[in-house]
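Peer 1: Let me begin by handing over the structure; questions about it come next.
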Amino acid sequence: MLIRTRAIILHALKYTESSVIVHTYTEEHGRMAYMVNGARSKKSVLRSGLLQPLSIVELETEFNHKKDIQRIKESSIGYAFTSIPYDPSKNALSLFIAELLYRAFKEPHADKSVYLFLSQSICILDIAENGIGNFHLVFMMQLSRFLGFEPHAETISEHAYFDLQNGIFTAQQGFSQYLDQSDSRLFAALIPINYENMGQIRFTKEEKARLLSGLLAYYKLHVSNFTHIKSLDVMSQLFN
């Protein structure tokens with residue numbers, strides 16, 4: 001069955017000398033993998049120039065629900081980047097976010113609201129001029145809502161600890177895993193920040209490192225088999 005869908009490139013894995021398996025997040029099916037033969041060839045159905053992490057592409061695919069890896073019939077650019085491939089900071093962010101999504105979404109499950117959030121976030125990153133150093137933190141906090149473990153902001157209090165297991169702020173520690181009071185205050189400060197005002201917020205390098213560490217700990221508790229993000233080291237050198 002032929003299906004047309006928009007897709008976000010997450011990861012390309014070399015399969016043979018001339019073929020790759022491309023992992024994507026699609027509008028129609030959620031997480032989906034495709035076999036691309038002759039990826040380096042000018043005649044490839046998905047040319048190497050479209051394999052940039054977070055690239056938004058239009059695909060016509062031969063969909064078979066019995067197969068884990070699908071085939072692409074045709075492809076085209078869905079959104080033309082203006083800065084991400086050319087800006088070292090944005091490029092590092094795109095690598096980190098693509099790997100984060102690759103590890104966070106594991107099953108083919110259609111959710112167009114997720115696709116809309118992801119595609120809009122990518123476009124915002126591409127055109128943003130301010131607050132780039134906060135983008136990944138805001139993105140991870142907002143993504144947690146779509147993954148089902150958004151922190152309960154209504155539980156914030158001045159002297160609270162953030163309970164990583166239950167996603168709430170509490171006055172005292174129990175048997176769960178917690179951020180300390182200082183990191184909990186940073187977490188509480190991050191929650192209301194969005195893409196529109198992220199350029200107005202000033203976190204120090206140390207604070208951003210602590211926030212990222214807390215967010216990754218939070219994800220590891222709530223996303224099964226959430227392994228180490230390899231691109232983290234490069235990205236951290238730029239933003240922490």
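Peer 1: May I ask you to verify whether L93 is out of contact with any strand residue (DSSP E or B) (no Cβ under 9 Å at 6 or more places or on another chain) and under 26 Å from H228 (Cβ atoms)?
Peer 2: When the stated conditions are applied, L93 passes them.
Peer 1: Here is a further query. Kindly establish whether K73 is basic (K, R) and in contact (Cβ under 8 Å) with a residue 60 or more places away in the chain. Show your work before the answer.
Peer 2: Numbers: basic (K, R): yes; in contact (Cβ under 8 Å) with a residue 60 or more places away in the chain: yes.
In short, yes.
Peer 1: If you don't mind, there's one more thing I want to ask. When residues of the range 79-107 are filtered for being aliphatic (A, V, I, L, M) and either more than 22 Å from F135 (Cα to Cα) or part of a loop (DSSP other than H, G, I, E, B) (or both), how many remain?
Peer 2: 2
Peer 1: I've got another one for you. Only one residue in A98, A12, A33 is surrounded by 16 or more Cβ atoms within 10 Å (Cβ to Cβ), in the same structural domain as S119 (by TED's automatic domain parsing) and either free of Cβ contacts under 8 Å to residues at least 12 places away in the same chain or within 30 Å of H222 (Cβ to Cβ) (or both), so which one is that? Show your work before the answer.
Peer 2: Working: A12 fails: in the same structural domain as S119 (by TED's automatic domain parsing); A33 fails: in the same structural domain as S119 (by TED's automatic domain parsing).
Residue meeting the stated conditions: A98.
Peer 1: Select the strands (runs of 3 or more DSSP E) contained entirely in the range 1-41, then report the ones holding at least 3 residues which are of a type outside the set (A, V, I, L, M, F, W, C) and under 18 Å from L118 (Cα atoms).
Peer 2: The strands (runs of 3 or more DSSP E) meeting that bar are 2-14, 19-26.
Peer 1: Considering each residue of the range 188-201, count those that are part of a helix (DSSP H, G or I) and in contact (Cβ under 8 Å) with a residue 40 or more places away in the chain, and give that number.
Peer 2: 4
Peer 1: Please find, within the range 54-78, the residue that is surrounded by the fewest Cβ atoms within 10 Å (Cβ to Cβ) out of those that are at pLDDT 95 or above and in a loop (DSSP other than H, G, I, E, B).
Peer 2: My answer is S55.
To keep it simple, each residue is scored yes or no on (1) assigned to a helix (DSSP H, G or I); (2) farther than 30 Å from G78 by Cα; (3) without any contact (Cβ under 8 Å) to a residue 40 or more places away in the chain; (4) under 19 Å from the mean Cα position of the chain (by Cα).
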{"position": "F117", "(1), (2), (3), (4)": "yes, no, yes, yes"}
{"position": "D126", "(1), (2), (3), (4)": "yes, no, no, yes"}
{"position": "F135", "(1), (2), (3), (4)": "yes, no, no, yes"}
{"position": "H159", "(1), (2), (3), (4)": "no, yes, yes, no"}
{"position": "F169", "(1), (2), (3), (4)": "no, yes, yes, no"}
{"position": "Q173", "(1), (2), (3), (4)": "no, yes, yes, no"}
{"position": "F203", "(1), (2), (3), (4)": "no, yes, no, no"}
{"position": "L211", "(1), (2), (3), (4)": "yes, yes, no, yes"}
{"position": "S224", "(1), (2), (3), (4)": "no, yes, no, yes"}
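The values are calculated or read from the model by the stated rules, or taken from the named source; none is laboratory data. None of the values given here were measured: they were computed from a predicted structure. Every residue, glycine as well, gets a Cβ built from its backbone with ideal geometry; the counts of neighbours run over all protein chains shown.
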